[in-house]
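The values are calculated or read from the model by the stated rules, or taken from the named source; none is laboratory data. These numbers come from a predicted model, not from an experiment. Cβ placement follows ideal geometry from the backbone for every residue including glycine, while neighbour counts extend to all protein chains displayed.
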Amino acid sequence: MNEKFFNLPQERQDLIRSSAILEFGEGSFKKTSADAIAKRAGVSKALLFHYFKDKRELYAYLFQYAIDMCMEAFNRQVERMTYFGETDFFAALERGHKVKMDMVRRMPGLFRFVMRAYYERDSVLSPRLRRKLDDVLAQSTDSFLARMDLHKFKDGVDPGRWFACSPCPPRGCWRRPTPVRRRRSTGCSRNTKRTRSCCGSISIRRSICDSD
């Protein structure tokens, strides 16, 4: 990557980044054209490739940028929890969900791009991107759990599995507990609270936590 890209005015940098993120978020790496990115950004393709050697280099840069943005939001959340002494796992997870949803509203294209990138099938990019995101998720999980009071969890229950749904896409599938009707398949009584895990199965909070 040509470091001169960072000498551009901030508005121009943001325009090129956002244009590329939107284009890549709408289609696969292979089908997204540099021409479309340049047109949306209002620059020539030659100028785009002056700053980025090729499309893969641009894609890898954008992925790192998106991950950095997610982690910046996560770290701010952790700092606030530390400042206010928040140690309840579920309360902190709910707070994190709200932070994430706020980011989704403000930057919908960025999250769509990250989700597409994780499932991208390019033989060169895919292993690197997935490895990077998995490493970031592992680090954020350790950082979060180290600050939480986990005594409510029953023996044998892994809190990390629940947190893995929260920090950032594509695993961002934590849903706010909602009342559900009785179901024979789950044995849930009326007004029982539930959450949906990463794999989409219903998990009952009371089944993983000891009662207070």
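Between T141, T87, T82, which is of a type in the set (S, T, N, Q), touching an Asp or Glu at 6+ places or on another chain (Cβ under 9 Å) and more than 30 Å from N7 (Cα to Cα)? Being of a type in the set (S, T, N, Q), touching an Asp or Glu at 6+ places or on another chain (Cβ under 9 Å) and more than 30 Å from N7 (Cα to Cα) holds for just one of T141, T87, T82, which is T87. Looking across segment 80-107, the residues that are over 12 Å from the mean Cα position of the chain (by Cα), in a helix (DSSP H, G or I) and among the charged types (D, E, K, R) come down to R80, E94, R95, K98, D102, R105, R106. Filtering segment 45-70 to residues that are surrounded by fewer than 18 Cβ atoms within 10 Å (Cβ to Cβ), assigned to a helix (DSSP H, G or I) and either within 23 Å of the chain's Cα centre (by Cα) or in contact (Cβ under 8 Å) with a residue 40 or more places away in the chain (or both) leaves H50, R56, E57, Y61, Q64, Y65, D68, M69.
Taken together, the residues in segment 134-150 that are touching a residue at least 12 places away in the same chain (Cβ under 8 Å) and part of a loop (DSSP other than H, G, I, E, B) amount to 3. In the set S126, S33, only one residue is out of contact with any Phe, Trp or Tyr (no Cβ under 9 Å at 6 or more places or on another chain) and of a type in the set (S, T, N, Q); that residue is S33. Taking each residue of segment 103-120 that is touching a residue at least 40 places away in the same chain (Cβ under 8 Å) and looking for partners that are in a loop (DSSP other than H, G, I, E, B) and not small (G, A, S) with beta-carbon atoms closer than 6 Å, six or more apart or interchain, yields F111/P169; V114/P169; M115/P169; M115/P170; Y118/P170; E120/F29. Working only within segment 105-127, note down all residues that are more than 15 Å from I21 (Cα to Cα) and modelled with pLDDT under 80. R121, D122, S123, V124, L125, S126 - these are the residues of segment 105-127 that are more than 15 Å from I21 (Cα to Cα) and modelled with pLDDT under 80.
The single condition among (1) more than 25 Å from L8 (Cα to Cα); (2) in contact (Cβ under 8 Å) with a residue 40 or more places away in the chain; (3) in a helix (DSSP H, G or I) that Q77 does not meet is (2). In this structure, is K45 of a type in the set (K, R) and over 27 Å from L137 (Cβ atoms)? Criteria met by K45.
For segment 39-59, does any single residue satisfy the condition of being under 18 Å from R121 (Cα atoms) and small (G, A, S)? For segment 39-59, residues under 18 Å from R121 (Cα atoms) and small (G, A, S): absent.
In segment 1-30, the residues that are in a helix (DSSP H, G or I) reach residues that are among the aromatic types (F, W, Y) and surrounded by 12 or more Cβ atoms within 10 Å (Cβ to Cβ) with C-beta atoms within less than 7 angstrom, at least six apart or across chains, in these pairs: K4/Y51; F5/Y51; Q13/F5; R17/Y65; I21/F113; F24/Y59; F24/F113; G25/F113.
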